[in-house]
Amino acid sequence: MTSEFIDELERRIGSEAVVRDQGELLTYESDGLVSHRSRPGVAVLPQTVEQVQAVVRACHEADVPFVARGQGTGLSGGALPHPEGVLIVMTRMNRVVEIDIPNERVTVEPGVMNLEVTRQVAPHGYYYAPDPSSQVICSIGGNLAENSGGAHCLKYGFTVHHVLGAEAVLPDGTLVHVGGAAVDTPGLDLLGVLVGSEGTLAVVTKVTLRLLRRPESVRTLLAAFDSTDDAGNAVSDVISAGIIPAAIEMMDRTTIRAAEAAVQPGFPDAEAVLIVELDGHQAEVAAQFEQIEAISAKNQGWGVQVARDDAQRGRIWMGRKAAFAAMGRVSPSYYVQDGVIPRSRLPEVLRRIRKLEQDSGLTIGNVFHAGDGNLHPLVCYDDAVDGQAELAEQVASEILSYCLDVGGSLTGEHGIGADKACHMPKMFTDDDLATMQRVRVAFDPKGLCNPDKLFPTPRLCGEVPGPYRAHPAEAAGLAERV
Amino acid sequence: MHDAEGRRAGGAADAVDGVVPRWVAEPASQEGVARTLTQAAADGHSVLVQGGGTKLGWGPRLETIDVLLRTGRLNEVVAHRHGDLTATMQAGTTLAATNERLGQYRQWLALDPPDSTRATVGGILATNDAGPRRHRHGAPRDLIIGMTLVRADGVTAQSGGIVVKNVAGYDVARLLTGSFGSLGVIVDATFKLAPLADASRTVVVELSDAPLVAAYATDLLSRGSTPAAIELATDPLRVILKFESLESVTAGQAEEAMALATSHGGVGQLLDADAQDQFWTGHERRVFAEEGTLLKAVVMPADLASSLSWLDEAAASRGLSYVLTGQAALSVLHLRLMGPAEQQAALVSAWRERLTLGRGSVVVRRASAELKALTDVWGPLGDTFEVMREVKRRFDPRATLNPGRGPGGL
Ligand SMILES: Cc1cc2nc3c(=O)[nH]c(=O)nc-3n(C[C@H](O)[C@H](O)[C@H](O)COP(=O)(O)OP(=O)(O)OC[C@H]3O[C@@H](n4cnc5c(N)ncnc54)[C@H](O)[C@@H]3O)c2cc1C
């Protein structure tokens, strides 16, 4: 990165929006995947779409790569800076542009936090459905880029089901409006491919979201099981019974104990617990709740807790959401993975993971979105013990291969990013990847927009993925991890 | 003469829009589709893809057809993973055949666009076509989780997979959904499914004017009612609700809807099981099974009432008549329009003038050659059209696949 280019950026958007100090730039060297680090050539903090355009245009003219960054909570290294590039930090573009209750829409700038959307519309009886556990600290722009999920996406869908339109700066600096505020806009579904493209197609500068009405009734149940097989079978039985709960989450003994030690949610000491939440019309919820209780009993569920009020419901969810961070007490370091399996295969895959735990001697905790088969195995290890980090890495890849063996996916919500790009050929053929590249070049012929992410490249795939460490915000107690 | 791909010379019986294709190919496998496209690319031939043929009248008038590729022999439900609530269907499988098969486990592909006995999975995806229960379940783009496609150059690729949650790689399946066959030939697709409900009830509510219709729908939803469909229809103007859930729940919700109708000055009618099936068939046929121009209009929900009132006036003043159905809460309207072509064209442009880009659209789906010549069937596509054009160019550089049928004439 030449200082002339940085001077040019300062001329175009003003020096107060440009960070060139090497020390300050360290703030941005990683996202939530802190094992991958790289100091950006320069960082900019635009406040207007014109500034974003000016920066992107300058990059386009000078062939300089650029990477958009939201709140930096991503877990796959999607916002990992390019050492010779510009990091476009979107946090100052955090205005709520329009709240349109009659049309059940809200338009925000991408730096607005996920939970802020719900806060803004709650007084009107509405909420924004996708609820990543990081919702206090992650941005709508990051959510759009990752197609983020959350515990309640089982019934309501992911970010892609709730974004109606986006304003975006293309990699040559052109401003475009993808989708809109109406439910359909004619044309190719560019929005469908922009969502989840991990910042590799454009820089998003405004987002229109769909709002949902708060459901009339919510009921939450927790049940304990003596084996993950029983818990897994209960999940299958719920799905087979034709019930789509708002959420079905599972924790195993390791993560239950960790959560108990950390926040004392009063969970039973069991091999597994399931948390099932139903919402919707009162009569329907009541009837389905009885079915859930019966399914739990049929699968030897015990220690059933039914939330009587919001406080008890909150306590159950606190236990669930604290589990991830609480693993820090069990182990100095751990890998987190995000593989997905067909939900009927839960018992067998969990058994394979259990066996791997015994064979490797490393503790593996499981806390995950059981209803849609999205695993989050946490492979614990100690950096201080020689060779354990490498062993843990092997164990973690082995688990990903179990997911692919049963027809699953490398990632359900955290994205491929820099972290799993090298695994992509295990899931997709060269032709599949080349077809995706055709989309890429249609948007970004010069390949300047978040390069070295999502697609396997030799430069990237020489590197060894590193361990998970607590995100700074998490360590500070601002968020728990699911 | 048939070769391995079921390719033969076209005849009068194969004519589309009065144009006889030079070749007709009916491949029975993914490899067969790939060979057909490779061959066509080598010959420099254009390819028109036909599923059930229910929507071939949509899109521009054809001059010639080199190869007509029919998906009819790709008609299998490849896998029904009932424990996972997912299924994979070949593109030529009709929606009705799909749902008959999935129904064995009391599940369904939760889409109800018109003409389910003829419309194929591939055609429904290519047009992102949906029906009344889109209100609850979403459109094809919301339900698709994986796809196998063959590009214009004969290369086969997959996107997504068989799991309901998956963010690995670009969502090419979603990009092809609604692309009107302009980017690739869909060979098979995987969807998340929905359980079939135990019981259903239909309530028909007649209301005297458009503002009342909008007020009734909003009021009902704000009371926690959870219909699977909330449809509009003219003439007479009414709201039709479909409740699908457990028996006791549908009965209760239907009763609430009836009571609310009375308090809005309307007349509610509750249909029993047999009557409701017949009713819904009739509802669909009123717009889709009769002669006339087909328009799809989308407006902002808060503008629904004013749009309906405007339409009434705009049609009458131009000597046009129409029949309308649509999803009230989503504000997606389907119109069958009748009357002089130049007046129809005038109505379409007048309507478009009322709408801001991104906040509404009017697309001409099916029309006479005369009307197609008088109007731009797609209307304005906004500032992303250049990107769409670029995507088309990257997928199909020689523009041989469904030429001119993609959005904006891509
Ligand atoms: C404690 C914790 C818990 C978490 N729980 C969940 C969970 O439950 N579910 C889940 O899905 N994820 C979860 N995550 C992951 C993460 O929070 C999400 O991926 C989130 O969407 C990232 O948002 P961000 O603002 O931090 O984006 P960043 O990390 O800054 O960026 C993520 C990606 O988005 C791109 N991007 C950001 N802004 C823009 C923009 N304006 N235009 C274009 N591209 C942009 C970046 O280039 C990058 O590729 C969790 C993370 C943590 C630390």
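If only one of B:GLU390, B:GLU386 is closer than 22 Å to A:THR185 by Cβ, touching a Phe, Trp or Tyr at 6+ places or on another chain (Cβ under 8 Å), surrounded by fewer than 20 Cβ atoms within 10 Å (Cβ to Cβ) and not assigned by TED's automatic domain parsing to the domain that holds B:GLN343, which one is it? Step by step, each of B:GLU390, B:GLU386 is checked, and only B:GLU390 is closer than 22 Å to A:THR185 by Cβ, touching a Phe, Trp or Tyr at 6+ places or on another chain (Cβ under 8 Å), surrounded by fewer than 20 Cβ atoms within 10 Å (Cβ to Cβ) and not assigned by TED's automatic domain parsing to the domain that holds B:GLN343.
Among residues that are more than 9 Å from every other protein chain (Cβ to nearest Cβ) and either within 15 Å of the chain's Cα centre (by Cα) or modelled with pLDDT of 95 or more (or both), A:ASN450 is included. Scanning region A:44-54 for any residue that is at pLDDT 95 or above, under 17 Å from the mean Cα position of the chain (by Cα), within 11 Å of the ligand (Cβ to nearest atom) and crowded, with 18+ Cβ neighbours inside 10 Å turns up nothing. Taking residues in region B:267-284 that are closer than 21 Å to B:VAL323 by Cβ and in the same structural domain as B:SER208 (by TED's automatic domain parsing), and partners anywhere that are aliphatic (A, V, I, L, M) and part of a helix (DSSP H, G or I), the pairs with Cβ atoms closer than 7 Å and at least 6 places apart or on different chains are B:VAL267/B:ALA261. Within region B:151-181, count every residue that is within 8 Å of chain A (Cβ to nearest Cβ) and surrounded by 24 or more Cβ atoms within 10 Å (Cβ to Cβ). Here the count works out to 16. Quick check on region A:406-434: of everything there that is within 8 Å of chain B (Cβ to nearest Cβ) and closer than 30 Å to A:GLU61 by Cβ, which residue is farthest from the ligand (Cβ to nearest atom)? Looking at the filtered set, the residue picked out is A:ALA434.
The rows are residues; the columns are (1) touching a Lys or Arg at 6+ places or on another chain (Cβ under 8 Å); (2) of a type in the set (Ser, Thr, Tyr).
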| site | (1), (2) |
| --- | --- |
| A:GLY192 | yes, no |
| A:GLY196 | no, no |
| A:LEU201 | yes, no |
| A:ARG219 | no, no |
| A:THR228 | yes, yes |
| A:ALA231 | no, no |
| A:ASP237 | yes, no |
| A:PRO245 | yes, no |
| A:ARG253 | no, no |
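For region B:194-203, a residue qualifies if it is surrounded by fewer than 24 Cβ atoms within 10 Å (Cβ to Cβ) and either in contact (Cβ under 8 Å) with a residue 60 or more places away in the chain or among the basic types (Lys, Arg) (or both), and the qualifying residues are B:ALA194, B:PRO195, B:LEU196, B:SER200. Please work out if A:LEU75 is within 16 Å of the ligand (Cβ to nearest atom) and at pLDDT below 95. So A:LEU75 passes the test.
Among the candidates B:ILE240, B:ILE230, which residue alone is buried (at least 23 other Cβ atoms within 10 Å of the Cβ), touching a helix residue (DSSP H, G or I) at 6+ places or on another chain (Cβ under 9 Å), aliphatic (A, V, I, L, M) and closer than 22 Å to A:ILE244 by Cα?
B:ILE230
When B:THR250, B:THR293 are checked against the criterion of being out of contact with any His (no Cβ under 6 Å at 6 or more places or on another chain), surrounded by 17 or more Cβ atoms within 10 Å (Cβ to Cβ), away from every other protein chain (no Cβ under 14 Å) and among the β-branched types (Val, Ile, Thr), a single residue qualifies: B:THR293.
Those helices (runs of 4 or more DSSP H) of region B:172-278 in which 2 or more residues are more than 26 Å from B:THR127 (Cβ to Cβ) occupy B:210-222, B:247-263. Taking the conditions exactly as written (in a helix (DSSP H, G or I) and either assigned by TED's automatic domain parsing to the domain that holds B:VAL364 or over 30 Å from B:SER368 (Cα atoms) (or both)), does B:LEU304 satisfy them or not? Yes; evaluated as a whole, the condition is true for this residue. When restricted to residues that are surrounded by 18 or more Cβ atoms within 10 Å (Cβ to Cβ) and either modelled with pLDDT of 95 or more or among the aliphatic types (A, V, I, L, M) (or both), region A:121-131 contains 6. The conditions are (1) more than 8 Å from the ligand (Cβ to nearest atom); (2) more than 14 Å from the chain's Cα centre (by Cα), and A:VAL136 fails exactly one of them. Which is it? So A:VAL136 meets the others, but not (2).
Looking at B:GLY123, B:GLY131, B:GLY103 in this structure, which one is crowded, with 22+ Cβ neighbours inside 10 Å, assigned to a helix (DSSP H, G or I) and more than 9 Å from chain A (Cβ to nearest Cβ)?
The match here is B:GLY123.
Scanning region B:377-410 for residues that are farther than 26 Å from A:THR174 by Cα and within 11 Å of another protein chain (Cβ to nearest Cβ) turns up just one, B:VAL377. So which residues in region A:90-116 are within 15 Å of the ligand (Cβ to nearest atom), closer than 11 Å to A:THR208 by Cα and crowded, with 18+ Cβ neighbours inside 10 Å? Hits for region A:90-116 are A:THR107, A:VAL108, A:GLU109, A:PRO110.
Which residues, counting only those in region A:122-133, are within 10 Å of the ligand (Cβ to nearest atom) and touching a residue at least 24 places away in the same chain (Cβ under 8 Å)?
Those that are within 10 Å of the ligand (Cβ to nearest atom) and touching a residue at least 24 places away in the same chain (Cβ under 8 Å): A:PRO130, A:PRO132, A:SER133.
The values are calculated or read from the model by the stated rules, or taken from the named source; none is laboratory data. As the structure is a prediction and not an experimental result, all values here were calculated from the model. A quick note on method: Cβ atoms are made from the backbone with ideal geometry, for glycine too, and the neighbour counts reach across all protein chains shown.
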